[in-house]
Amino acid sequence: PAPSPAAPLVLACVPGEQHCLPLEALSAALGELGVPQRMFGAAVPVEAVSAAVRRTGPAVVVLWSQARSTASVPLARHIADTRWGVRGARGRPVVMLGGPGWAGPAVRGALRPATLREALTQIGRARGDQANCSARKPD
């Protein structure tokens, strides 16, 4: 696909989370659809996720947690409150909480898809895609 002018999405496992295969599947599906992204993988430190969000200004940040013990509501809120850009035109990411670890905690305004297909649909909406991600489902 042609390079996109849109900022890449940020995909990361929360600190302490080693199970990243579902996030890899999401990354592969987004890649098939030509959606720019930065996949950080397992156990990403808070500072690294925060810096990536500030530097790239993504429309969506996906935080994966396999276990309730790794889900961090303060981290999700911190990322949701991260702003970038010049004063008066600052942006904020939409936070998507992926995985069963988020079953208990609630984060206001965060997306919580139950399936890969639902995640692609929600990402398409959050990005304002002309050709919604769900319209071109991966095989």
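Among residues belonging to the stretch 69-88 that are of a type outside the set (Asp, Glu) and open to solvent by 70 Å² or more (accessible area, probe 1.4 Å), point out the one that is farthest from residue 55 (Cα to Cα). Steps first, answer last, please.
Step one: of the stretch 69-88, the residues of a type outside the set (Asp, Glu) are 69-80, 82-88.
Remaining after also requiring open to solvent by 70 Å² or more (accessible area, probe 1.4 Å): 69, 74, 77-78, 83, 86-88.
Working: 69: 29, 74: 20, 77: 18, 78: 15, 83: 10, 86: 13, 87: 15, 88: 18 Å.
Residue satisfying both the conditions and the ranking: 69.
Please find, among 14, 46, the residue that is more than 19 Å from residue 119 (Cα to Cα) and touching a residue at least 12 places away in the same chain (Cβ under 8 Å).
46
Of all residues in the stretch 1-50, which are charged (D, E, K, R) and open to solvent by 30 Å² or more (accessible area, probe 1.4 Å)? Show your work before the answer.
If we filter the stretch 1-50 for residues that are charged (D, E, K, R), which is where we start, we get 17, 24, 32, 38, 47.
Of everything in the stretch 1-50, those that are charged (D, E, K, R) and open to solvent by 30 Å² or more (accessible area, probe 1.4 Å) turn out to be 24, 32, 38, 47.
The values are calculated or read from the model by the stated rules, or taken from the named source; none is laboratory data. What you see is a predicted model, and the numbers here were worked out from it, not measured in a lab. Glycine gets a Cβ as well: all are built from the backbone with ideal geometry, and neighbour counts include every protein chain shown. Ligands, DNA and RNA are stripped out before the accessible areas are found, and what is left, the full protein with its side chains, is counted by its heavy atoms. Shrake-Rupley method; radii C 1.70, N 1.55, O 1.52, S 1.80 Å.
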